[in-house]
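I have placed the structure first, in the form of structure tokens, so that the comments after it can refer back to it.
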Amino acid sequence: MKKLLLSLIAVSALAFTTQAQTEKGKFMLGGNVEFNSTKENGASKSDTKFNIVPSVGYFISDNFAIGTGVGFGFAKTQAGTAALPNAATKVQEFVVAPFARYYKGINESFKFFGQLSVPMAFGNNKVTTDGDNYAKTSKYNNVGVVLSPGFAFFPSKKFGIEFSVKGISYNDNTSKNNNGDKIGGNKDFSIGANFFAPKIGVQFYL
């Protein structure tokens with residue numbers, strides 16, 4: 001299995017002074033871009049996943065910001081068999097992710113932070129047997145709660161680098177058919193951070 005995972009978070013703050021980056025009254029502008037490509041052994045094509053969620057935040061007090069992200073997600077999975085080699089499934093979703101973030105400074109260059117977000121996704125599932133004509137089979141709603149710890153390094157007042165991991169998360173997913181009848185769903189809770197797979201962020205303060 002070959003897997004490529006790219007996760008990029010770009011955040012910029014609109015500031016017109018040379019004071020601290022996380023000061024009351026300032027903004028954070030940025031986003032989240034993720035691309036994942038996986039190819040199973042023997043498969044002719046790779047499964048792909050792509051998400052882009054721009055976000056904006058505002059510091060309502062020193063070191064404490066609230067905001068939201070709004071974006072789009074896409075995933076395509078190859079499900080071909082010997083009888084139907086071009087069969088595939090496709091998922092498209094609209095994403096909204098409000099968040100609150102608090103920074104705790106060590107000094108002017110280093111800060112820890114914790115972020116609580118409530119990601120919500122509203123999407124549909126489509127299938128094809130010939131590789132071209134997709135038919136909608138179901139739709140779903142997913143609501144989650146994620147608590148993510150992180151660390152920020154500021155080499156200058158206009159530039160910062162962040163490392164964060166998923167610490168605690170909960171997801172509630174509900175699936176419905178085209179008539180609106182519930183056909184499935186699941187709930188899951190996880191705790192624990194994988195420090196070997198962090199998200200890396202870059203910040204620019206202008």
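The values are calculated or read from the model by the stated rules, or taken from the named source; none is laboratory data. Quick caveat: nothing in here was measured; it's all calculated off a predicted structure. With ideal geometry, Cβ positions are generated from the backbone for all residues, glycine too; neighbour counts draw on all protein chains shown. The protein model used for the area step is the full one, side chains on, heavy atoms only, and it has no ligands, DNA or RNA in it. Shrake-Rupley method; radii C 1.70, N 1.55, O 1.52, S 1.80 Å.
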_Quick check on LYS157: is it open to solvent by 30 Å² or more (accessible area, probe 1.4 Å) and free of Cβ contacts under 8 Å to residues at least 60 places away in the same chain?_
no
*Within the bounds of the range 37-46, is there any residue that is modelled with pLDDT of 85 or more, more than 20 Å from the chain's Cα centre (by Cα) and in a loop (DSSP other than H, G, I, E, B)?*
no
*With respect to the numbered conditions (1) open to solvent by 50 Å² or more (accessible area, probe 1.4 Å); (2) more than 21 Å from the chain's Cα centre (by Cα); (3) within 24 Å of ILE52 (Cβ to Cβ), which one is the sole condition not fulfilled by ASN179?*
(3)
*Say we look at the range 182-204 and pick out the residues that are open to solvent by less than 70 Å² (accessible area, probe 1.4 Å) and in contact with a Phe, Trp or Tyr (Cβ under 7 Å, 6 or more places away or on another chain); which of these is modelled with the lowest pLDDT?*
GLN203
_strands (runs of 3 or more DSSP E) wholly inside the range 91-170 that include at least 1 residues being of a type in the set (Lys, Arg)_ = 110-117, 120-128, 135-156
*Only residues in the range 39-55 that are at negative phi count as the first member; pair them with residues that are at pLDDT below 85 and not in a strand (DSSP E or B), Cβ under 6 angstrom, at least 6 apart or cross-chain, and list the lot.*
LYS39/SER46
*Out of GLY25, GLY73, which single residue is open to solvent by less than 40 Å² (accessible area, probe 1.4 Å), modelled with pLDDT of 85 or more and not in a strand (DSSP E or B)?*
GLY25
_Among the residues listed as TYR102, TYR134, TYR140, the single one being within 22 Å of the chain's Cα centre (by Cα) and closer than 25 Å to PHE50 by Cα_ = TYR140
*How many residues does the range 84-113 contain that are open to solvent by less than 30 Å² (accessible area, probe 1.4 Å) and in contact with a Lys or Arg (Cβ under 9 Å, 6 or more places away or on another chain)?*
4
*Single condition ASN63 does not satisfy, out of (1) modelled with pLDDT of 90 or more; (2) open to solvent by 80 Å² or more (accessible area, probe 1.4 Å); (3) at positive phi*: (2)
